[in-house]
Amino acid sequence: MFKFFSTIVDLLSTVVDYVVKFFAGVASMIASFFKSIAFVYEVMTVLPDFLLAVVGVLLACCVIRFILKKGAPDA
């Protein structure tokens, strides 16, 4: 009888652990996204003027291509 309740508690703890790790992973992904945006902004502020336009256009093209392809690597 106690083994049945132990199994139920183990199952619930596994589910709770999965949910907690899922939200921790999502929070980590969002934090990494904002850190990467801050890094790109810092790099853009250091570039000389003649490279700023070229890198800005290339970055915009990459973002547009990514959105159009919806992130598929070989679409």
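Per residue, how much accessible surface does the chain expose to a 1.4 Å probe? Answer in Å², no decimals.
92
Roughly what percent of Cα-Cα pairs across the chain reach past 19 Å?
Counting every Cα pair in the chain, those more than 19 Å apart make up 65 percent.
How large, in percent, is the carbon and sulfur part of the accessible surface of the chain at a probe radius of 1.4 Å?
Accessible surface attributable to carbon and sulfur in the chain totals 79 percent.
Give the angle, between 0 and 90 degrees and rounded to the nearest 10, that separates the Cα long axis of helix 49-69 from the longest principal axis of the Cα atoms of the chain.
The two axes meet at around 40 degrees.
Projected onto the charge dipole of the chain (+1 at Lys/Arg Cβ, -1 at Asp/Glu Cβ, origin at the Cα centre), which of 31, 63, 8 gives the Cα projection farthest towards the positive end?
Of the options given, the answer is 8.
Rounded to the nearest 20 debye, what is the charge dipole size of the chain about its Cα centre when +1 sits on each Lys and Arg Cβ and -1 on each Asp and Glu Cβ?
Here the size comes out at about 200 debye.
With axes computed from alpha carbons, what is the tilt in degrees of helix 2-46 against the longest principal axis of the chain, rounded to the nearest 10 within 0 to 90?
Rounded to the nearest ten degrees, it is 10.
The values are calculated or read from the model by the stated rules, or taken from the named source; none is laboratory data. Worth saying up front: this structure is predicted, and the values here are computed from it rather than measured. Backbone-built Cβ (ideal geometry, glycine too); neighbour counts: all protein chains shown. Accessible surface areas use protein heavy atoms only, side chains included; no ligands, DNA or RNA. Shrake-Rupley method; radii C 1.70, N 1.55, O 1.52, S 1.80 Å.
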